[in-house]
Amino acid sequence: MISVEGLKVEFGVKPLFHDANFVINQRDRIALVGKNGAGKSTLLKILCGMQKATEGVVSVPNDTTMGYLPQVMKLVDETTVREEARKAFADHTKMAERLERMNRELSERTDYETEEYMDLVQRYTEAHERYQMMGAEGYEAEIERTLTGLGFERTDFERPTKEFSGGWRMRIELAKILLRKPDVLLLDEPTNHLDIESIQWLEQFLATSGSAVVLVSHDRAFINNVTNRTMEISCGQIIDYRVKYDEYVVLRKERREQQIRAYENQQKEIADIRQFVDRFRYQATKAIQVQQRLRQLEKIVPIEIDEVDNSTLRLKFPPCLRSGDYPVICDEVGKSYGEHTVFSHVNMTIKRGEKVAFVGKNGEGKSTLVKCIMGEIPFTGYLKIGHNVQIGYFAQNQAQLLDESLTVFDTIDRVATGDVRLRINDILGAFMFGGEESEKRVRVLSGGERSRLAMIKLLLEPVNLLILDEPTNHLDMPSKDVLKEAIRAFDGTAIIVSHDREFLDGLVSKVYEFGGGKVREHLGGIYDWINARPQSLPKEGKPDISPAQENIVGKQLSKSNKGTIPSEGQGAGSYAERKERLKKKSRLEKSIKEIEKKIETLENRIAELDAILCTPEGASDMTIVTEYTSTKKVIDQETDRWAQLSEELEGIQL
């Protein structure tokens, strides 16, 4: 479908990439990966013809259509949402108008036997058949399905686009691109402004689409669910891995190990040649050999190694005071703007050490509740921040509070303490501030770079309650891994507002779902919540939760007992039972892991005893034989116990 040969792009002395050759076939699902600044967005612009390459050819058949979604675009605010989406069917509209003109002419003319009239009938018939084949008569329903899938309510369709935020207007642009059904979709960070529901809808749409897809995204779950091929831009080359992203990660690790070995061998060869030259440079009898070695040295093409992978870097929050048992307690909290109620009757208790997620569609009140907790805006009801709570808050405007006169390195150096000061460069490298980037002044950083710097600064401050509002928006995958591990090892409490499923997976143990003016509590991880949702979702895609169910998942605080464990109202027994099952599940999982470790240790000992018994001395040593027999018996007992506990674990219904 698209053929690329000898592609080269230069913006300075060193090219972004060179000698790139690849083909995009029908129904290819390609993930374009690489560090920030490697040239991913540039390559998308070249493929869609918006930018020219320094060298090379991009061959696209004349009848191939493309849809390109950039990260940032200029948006028009002069129409309604539905009218803007209809622009995707501009060709259909023109054809409908042409059919209408031809139909009017047919009804007005009376020269039925003439050749001109028969020719008009023929042209009308062909155009009408083409119009029906395009599915044009059902495009209004298609517009509604797509807009609804991307998170719009039906009441939004007639609203002017200027009433929506930039993120929602980007959704309109994405809807227009999808509705055009181009042969090739080029998507640059399409999930940045989508919530989990919309991301899942987009995954399903792309899976059933007949278009080829090339996308740039830092959402690992989205990439894994959509793509079947991975192309990496690294060290000025485009390497094509014809596998899904997770398999690519394994192959890339192997490739990097090969690079390191080849690099080390080459460095040894260079050192040997230079040693020979230095030793015999001034001996006339060795002049020819020295010249040969120098020519050999000139011909060596240096092997480049991919940037050091800092995803294994471990960050640990500095020590902090122990907070009270309940850092955040909400009792009947509500927030309204005029007649618009963002949420009401919010009851939640977050315990010390819990990691919880706030999820839901954009505009449902996640960030608003965070601002209520921070005391930034007024609210109704009762909200208590626990004893000794020290809050570390990350919001998008947090980046504006940085000292613009400092360099990146100095900004972090001022908050780093202890051993961390020796690892500042490693930490900066893990968040894409390696090398010369660390010497940049804050004033010249982009918005995304400032957000990353503010995140690093927060990670090094002594806090016991973390509140992170969309912390992964400007992070690549290795940086997200570093942040996730730091939060996982954090002794304090964390509230995370995020749509990134892979980031939340294994990190949070409770999910608060925002929607319809309510906040509902779900025990378990992010995928427990996702997997449970379809069972209670009606066809319109909204949670169908009865008042009784709300009582089960929502704790009702007693105003006479503020600051202590909340009392539970109707449905408290069911809630307590589910909570007890969750505790039992946790205990069983812990016991199973302990048994697995014990069995592994015993099996290692059996292997050692086997080796001893193979020797003449060991075979005759009754102590060894006795230990071997007793160890085997213990392994059998522990294996039976493991099987029993595993069955119990499988039988727990949350």
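In table form, for the structure just shown:
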{"item": "Extension gain from Q204 to T80, taking 0.36 nm per residue of separation minus the Cα-Cα distance", "result": "42.0 nm"}
{"item": "Spin-label model distance (nm) - N228 vs I592, 7 Å beyond Cα toward Cβ", "result": "3.3"}
{"item": "Theoretical FRET efficiency, 1/(1+(r/R0)^6), r = Cβ-Cβ of Y263 and V23, R0 45 Å, to 0.05", "result": "0.90"}
{"item": "Relative contact order (%) - criterion: Cα under 8 Å, at least six apart; region: the stretch 111-200", "result": "28"}
{"item": "FRET efficiency, 1/(1 + (r/R0)^6) with R0 45 Å, evaluated for A643 and Q296 via beta carbons", "result": "0.10"}
{"item": "Estimated FRET transfer efficiency when R0 is 60 angstrom, pair T626-D410 (beta carbons, to 0.05)", "result": "0.35"}
{"item": "Rounded if a/c under 1.5, otherwise prolate or oblate - the chain, Cα gyration tensor axes", "result": "oblate"}
{"item": "Value of relative contact order over the stretch 377-443, rounded to a whole percent, pairs C-alpha under 8 Å and six or more apart", "result": "38"}
{"item": "Computed label-point distance, nm, for sites Y382 and A141 using a 7 Å Cα→Cβ extension", "result": "5.3"}
{"item": "Distance between the stretch 13-50 and the stretch 217-234 - C-alpha centres, whole angstrom", "result": "13"}
{"item": "Relative contact order (%) - the stretch 404-464, alpha-carbon pairs under 8 angstrom, separation at least six", "result": "46"}
{"item": "Links that overshoot a 20 Å alpha carbon limit, given the list K253/K480; K351/K584; K8/K35; K584/K633; K40/K244; K484/K585", "result": "K584/K633; K484/K585"}
{"item": "Cα centroid separation - the stretch 173-205 against the stretch 358-401, whole Å", "result": "30"}
{"item": "Residues in the stretch 231-251 that a label on E10 would reach, taking backbone N under 16 Å of a point 7 Å out along Cα→Cβ", "result": "236-237"}
{"item": "Residue-span extension gain [A287 to N192] - 0.36 nm each, minus C-alpha spacing", "result": "27.9 nm"}
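We did not get these values from a lab; they are worked out from the coordinates using the rules stated. Nothing here was measured: the structure is a model prediction, and the numbers come from that model. No Cβ is skipped: glycine too gets one built from the backbone with ideal geometry, and neighbour counts run over all protein chains shown.
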